[in-house]
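Student: Below is a structure I'd like to ask you about.
What follows is calculated from the coordinates using simple rules that are stated; it is not laboratory data. Remember, predicted model here, so these are calculated numbers, not experimental data. Cβ placement follows ideal geometry from the backbone for every residue including glycine, while neighbour counts extend to all protein chains displayed.
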Amino acid sequence: MTARPKPTEEQSQKVPAGHRAAAEKAQQMLDDLAWSPAKIREELMDMYDYDYTEAEADYGVSQLK
């Protein structure tokens, strides 16, 4: 896999921090655990360690590569 280019400062400001964090955690889960996007979304919302909102989890899964 190739690394995704880092967002510019302007792009980073447009995405809420929770959404960015969910996207990073979702990508980590995909890379480390090879879970399906549906499983990752479920875990992002259900695990007490993460407890992301539905919108954050949806955004995180939508950013998977």
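Student: Pop a pseudo-label 7 angstrom from the Cα along the beta-carbon direction at both residue 28 and residue 15 and give the gap in nm to one decimal.
Tutor: In this crude spin-label approximation the distance works out to 1.5 nm.
Student: Sorted by mean Cβ packing within 10 Å, highest first, what order do the peptides 42-48, 26-32 take?
Tutor: 26-32, 42-48
Student: Right, here's the next one. What net charge do the residues around residue 57 carry, taking every other residue with its C-beta under 12 Å from that of residue 57, with Lys and Arg at +1 and Asp and Glu at -1?
Tutor: My count for the surroundings of residue 57 gives -4.
Student: Then there is this: Ranked highest first by average number of other Cβ atoms within 10 Å, how do 50-61, 14-25 line up?
Tutor: Highest mean packing first, the order is 50-61, 14-25.
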